[in-house]
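K.L.:
One structure is given below, represented as structure tokens, and several questions about it will come after.
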Amino acid sequence: VQLQASGGGLVQAGGSLRLSCAASGSIFSINDMGWYRQAPGKQRELVAQIASGGTTTYADSVKGRFTISRDNAKNTVYLQMSSLKPEDTAVYYCNADIPALKSIYWGQGTLVTVSS
């Protein structure tokens, strides 16, 4: 199983970016999918999570600005980020909980840089 994240880049404060993460391999189903981020010198933190049925969870710091969604047919999770702030600068990682393999898989990370 591999998770391929894409969509990061450099954006000005107030701008938007959309991250994508596609899971491939021997996947029958995926439970939760999520996005985490890690800023320099800080611990990795949860940004948003979405269950297979669509229930979502967000960090307080991104509520109202970020939207997580998924396409189960494509085994893909998205993160639409709007009103970006310099403090959103981090490497963003996606993950997927695959019950048949009893494991959580992680993508390679994609860098988001927000300039002030």
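K.L.:
Which residues, counting only those in the stretch 1-16, are within 14 Å of the chain's Cα centre (by Cα) and open to solvent by 30 Å² or more (accessible area, probe 1.4 Å)?
P.N.:
GLN4, SER6, GLY7, GLY8
K.L.:
Working carefully through the options GLY107, GLY53, GLY41, find the one that is closer than 23 Å to LEU10 by Cα and either exposed (fewer than 11 other Cβ atoms within 10 Å of the Cβ) or in contact with a Lys or Arg (Cβ under 8 Å, 6 or more places away or on another chain) (or both).
P.N.:
Of GLY107, GLY53, GLY41, the one residue that is closer than 23 Å to LEU10 by Cα and either exposed (fewer than 11 other Cβ atoms within 10 Å of the Cβ) or in contact with a Lys or Arg (Cβ under 8 Å, 6 or more places away or on another chain) (or both) is GLY41.
K.L.:
Search the stretch 62-77 for residues being without any contact (Cβ under 8 Å) to a residue 24 or more places away in the chain and of a type in the set (D, E, K, R), and hand back the single one that is most open to solvent (accessible area, probe 1.4 Å).
P.N.:
LYS63
K.L.:
Using beta carbons and a limit of 8 Å, which pairs, at least six apart or on different chains, have the first residue in the stretch 1-26 and modelled with pLDDT under 95 and the second one among the hydroxyl-bearing types (Ser, Thr, Tyr) and not in a strand (DSSP E or B)?
P.N.:
Filtered contacts from the stretch 1-26: VAL1/SER26.
K.L.:
Restricting attention to the stretch 78-104, which residues are farther than 18 Å from ARG65 by Cα, small (Gly, Ala, Ser) and either surrounded by 14 or more Cβ atoms within 10 Å (Cβ to Cβ) or in contact with a His (Cβ under 8 Å, 6 or more places away or on another chain) (or both)?
P.N.:
ALA96
The values are calculated or read from the model by the stated rules, or taken from the named source; none is laboratory data. Computed from a predicted structure; not experimentally measured. Heads up, the Cβs are rebuilt from the backbone with ideal geometry, glycines too, and the neighbour counts pull from every protein chain shown. The protein model used for the area step is the full one, side chains on, heavy atoms only, and it has no ligands, DNA or RNA in it. Shrake-Rupley method; radii C 1.70, N 1.55, O 1.52, S 1.80 Å.
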